[in-house]
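S.K.: Take this structure first; my questions come after.
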Amino acid sequence: MPSNFLTPEDYFAALDSPESLATKADGPTGQLPLTDEILRQWTSGDLFGLTQSVGMGFDPRRVLGDQYLILSTQGGVRNPDGTPVALGYHTGHWEVGLLVRAAAEQIEKHDGVPFAAFVSDPCDGRTQGTHGMFDSLPYRNDAAIVMRRLIRSLPQRKGVIGIATCDKGLPAMMMALAGTGNLANVLVPGGVTLPPTVGEDAGKVQTIGARYSRGEMTLEEASVAGCRACGTPGGGCQFLGTAATSQVIAEALGMTVPHAALAPSGQPIWTRMARDSASAAAAMHAAGMSMRDVLTEAAFENAMRMHAAVGGSTNLLLHIPAIAAAAGIRRPTAADFRRVNQQVPRFVDCLPNGPVGHPTVQLFLAGGVPEVAWHLRQAGLWNGDAKTVTGMTWNELLDAWESSPRREVCRERLRLADGIDPDDVIMSPAVAKQRGLTSTVCFPAGNLCPEGSVIKATSIDPSVIDADGVYRKRGKARVFVTERDAIAAVKGQSAQPIQEGEVIVLIGRGPIGCGMEETYQITSALKYLSFGKTIALVTDARFSGVSTGACIGHVGPEALAGGPIAKIRDGDVIEIRVDRNTLDGSVDLVQPFDGISVAEALRDRPPHPSLHVEDAIPDDTRLWAALQQIGGGTWGGCVYDVDEILRTLEAGQKALQSESATTSAR
């Protein structure tokens, strides 16, 4: 036996003090406040629940109060002073327990009975470039299912205070609250971490490997930058990626109390939000109001408009339809997003978008969602009659916001602390237009993406945009079937490093291939490498919300589903056009390297010889890919459409029975 293992003698040694091993205890004192009606009418489960509650130490005199579940994505174990006992996966769930405590204390003030349950979440940043990314998007559906099961498993709950922060945990929480819409549910966003006083933000710092490998930063510079990027220990990253965009969208949907998204984690304004949210849930229940009254088609229209105005993550094209499906509302389509982006200009300057790129805490101090909504209402682009969990409409909230002390204090704090004019972060649409801000997303089609694709057009480097506002790119393809090989070429660590002007074509990375991984390590490297703006990327994978540049994802059909992108070869000439004014675009094969015609190449070529389903894809993710494709695939939000799945299974069973009968007849 290796010397570092314990021996049987260690495991089976006598206890130091056997008398400390108790075999019985007196149990709680007092008595349950039961009545004749309760004992005759309540289920055994409800009665046993009271026994369990007092068994955990709750005052038996108060045990009949209204029950509220505080459901969160808390991760890690903290000492009372905040230092780690066991690390969480990321800062986004590290301080969430403080919000749970604040909400619980407020529920008790309302004479309610608080319960807490936890469904922790992974970190997309931590899993970039690893097999962990294969579970990232599928996790969202799994977590939403578990969260809904936990909600239903507390039968007497009146409402849920859902607390979550980051890329998949927060959309999952929104789906769970939407899917239990008959309750008085309120969402609490987990807020943001602060940027370092001196150093790089958490988006840029993820490129230290690529920049060091290309000789664009020293080992010491990389070491210092990597250490300092998270200025504070809690909250989501400092850029308007998927985590921050999801917080903004939750507030736009009316699922939160006002001015909740992007609050600085750990600070009094942040914990106050949790207390206010608990009070809102109690008020909703008392008024007979539920989440179903909030999540209407008008609310989802507001969410899409907010997404366009702030320049949000393209991952929300996956999450907003999924939340709508959970709420029983028509799922917004790519056509809806395109229509909204043609109507709504971007007028928020926040990382990773420019022209300056302010961190998310500055967007919060500049007024956050209420300020953006106020501008949208001024432009006639906001559904002010939509309700929020406060019981008030957006019109009522925005009427109060403009002259509120909170708005004045936050905006003045931004001026004094950072020397930033709030109107340079959240501009009027007219000023934004003067400064060259353009609409957020575009949906290019073409012979390589007949079902469509998506690009965050607002993030293309302005220096490669023509004077008419159109991005035009023609370059030779470099085809990769794994992200690992692509990033090695970007870093210059392969036999054929990526060269200026090329078009990276990354295939087999959609849902079928690997669970639709997020390829931020490539897109971030292209942004921060000196030659990166000359490179384009076309893929059936997806991007992080902080991705920038001429990066086109969600290409449909994906390569392994027979998409024409599977037929591209090294040396093929690809032409890309993205009009940031009209939001039209195209991605086309225009010149095959082997001299055949485009039509012949797309018709007669077999798929790329190296194209394959990822060997390491988990069975769980394979099942997710099969089920979500039946429910509408990527453009349907990657949801489980139960009716459609059952219909498909029934048809498949009948086909198998028919096949079996035919075989037997022979």
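S.K.: Work out, step by step, the length gained on full extension between N581 and A445: first 0.36 nm times the residue separation, then minus their alpha carbon distance; give nm to one decimal.
M.R.: Answer, rounded to one decimal: 47.3 nm.
S.K.: Given a Förster radius of 41 Å and the C-beta distance between W42 and R228 as r, what FRET efficiency does 1/(1 + (r/R0)^6) yield to the nearest 0.05?
M.R.: 0.15
S.K.: For the chain, take the longest principal axis of its alpha carbons; what is the angle in degrees between that and the long axis of helix 368-378, to the nearest 10 within 0 to 90?
M.R.: Between helix and principal axis, roughly 70 degrees.
S.K.: A follow-up question, please. Got a sec? Which residues in the range 132-165 would a label at V642 touch, if it sits 7 Å along Cα→Cβ and we count backbone N under 12 Å?
M.R.: From the range 132-165, the list is 145, 149.
S.K.: Note down the nm distance, to one decimal, between modelled labels 7 Å out along Cα→Cβ at A467 and at R101.
M.R.: Placing both labels 7 Å beyond Cα along the Cβ direction yields 6.2 nm.
S.K.: Something else: May I ask you to give the percent of accessible area on the chain that is carbon plus sulfur, with a probe radius of 1.4 Å?
M.R.: With neighbouring chains kept in place, the figure for the chain is 52 percent.
S.K.: Moving to a separate point now. At 7 Å along Cα-to-Cβ for each site, give me the label-to-label distance between R435 and D385 in nm.
M.R.: So the label points at R435 and D385 sit 3.4 nm apart.
S.K.: Moving on to the next point. How far, in nm, would the chain grow between S404 and S494 when pulled straight, counting 0.36 nm per residue and subtracting the alpha carbon separation?
M.R.: 26.6 nm
S.K.: Could you work out how much longer the chain between T29 and V356 gets when fully extended? Use 0.36 nm per residue separation minus the Cα distance between them, nm to one decimal.
M.R.: Residue separation times 0.36 nm, minus the Cα-Cα distance, leaves 111.5 nm.
S.K.: Still on this structure, I have one more. Just want to confirm a number: the relative contact order over the chain, from Cα pairs under 8 angstrom separated by 6+ residues, in percent.
M.R.: Value for the chain: 12 percent.
S.K.: What distance in nm separates the two pseudo spin-label positions at E220 and F118, each 7 Å out from Cα along the beta-carbon direction?
M.R.: Modelled inter-label distance: 4.1 nm.
S.K.: Another one. If you fit an axis through the alpha-carbon atoms of helix 136-152 and take the longest principal axis of the Cα set of the chain, what angle between them do you get, 0 to 90°, nearest 10?
M.R.: For 136-152 against the chain, the angle is about 20 degrees.
S.K.: Under a 1.4 Å probe, what is the accessible area of the chain per residue, stated in Å²? Don't skip to the answer; put the middle values down first.
M.R.: Working: 28120 Å² over 666 residues.
Each residue of the chain exposes 42 Å² on average to a 1.4 Å probe.
S.K.: Enumerate the lysines that K456 could reach by cross-link, defined here as Cα to Cα under 26 Å, with residues fewer than 8 away along the same chain left out.
M.R.: K168, K204, K433, K473, K476, K491, K527, K533, K567
S.K.: Per-residue counts of other Cβ atoms within 10 Å, averaged by peptide: what ranking do you get for 49-61, 346-358, highest first?
M.R.: 346-358, 49-61
S.K.: Also, quick follow-up: Which order, highest average first, do 185-198, 484-497 follow once you tally other Cβ atoms within 10 Å for each residue and take the mean per peptide?
M.R.: Result, highest mean first: 185-198, 484-497.
S.K.: Name the residues whose placed amide hydrogens come within less than 5 Å of the amide hydrogen of I163, ignoring near sequence neighbours (fewer than 5 apart) on the same chain.
M.R.: Here the answer is L71, S72, T73, V188, since their amide H atoms fall under 5 Å of that of I163.
S.K.: As an exercise, use a Förster radius of 25 Å and the Cβ-Cβ distance of S20 and Q52 to find the FRET efficiency, rounded to the nearest 0.05.
M.R.: Efficiency, from the Cβ-Cβ distance: 0.45.
S.K.: Quick check on the chain: of the DSSP beta bridges with both residues there, what percent are antiparallel, nearest 5%?
M.R.: If I count the DSSP bridges inside the chain, around 40 percent turn out antiparallel.
S.K.: May I ask you to list the lysines whose Cα is less than 25 Å away from that of K109, ignoring any residue fewer than eight positions away on the same chain?
M.R.: K158
S.K.: Sorted by average packing, counted as other Cβ atoms within 10 angstrom per residue and highest first, what order do 9-22, 132-145, 469-482 take?
M.R.: Output ranking for 9-22, 132-145, 469-482: 132-145, 469-482, 9-22.
The values are calculated or read from the model by the stated rules, or taken from the named source; none is laboratory data. Quantities reported herein were computed from a predicted structural model and do not represent experimental measurements. Please note: Cβ atoms are built from the backbone with ideal geometry, for glycine as well, and neighbour counts cover all protein chains shown. Calculation scope for accessible area: heavy atoms of the full protein, side chains included, ligands and nucleic acids excluded. Shrake-Rupley method; radii C 1.70, N 1.55, O 1.52, S 1.80 Å.
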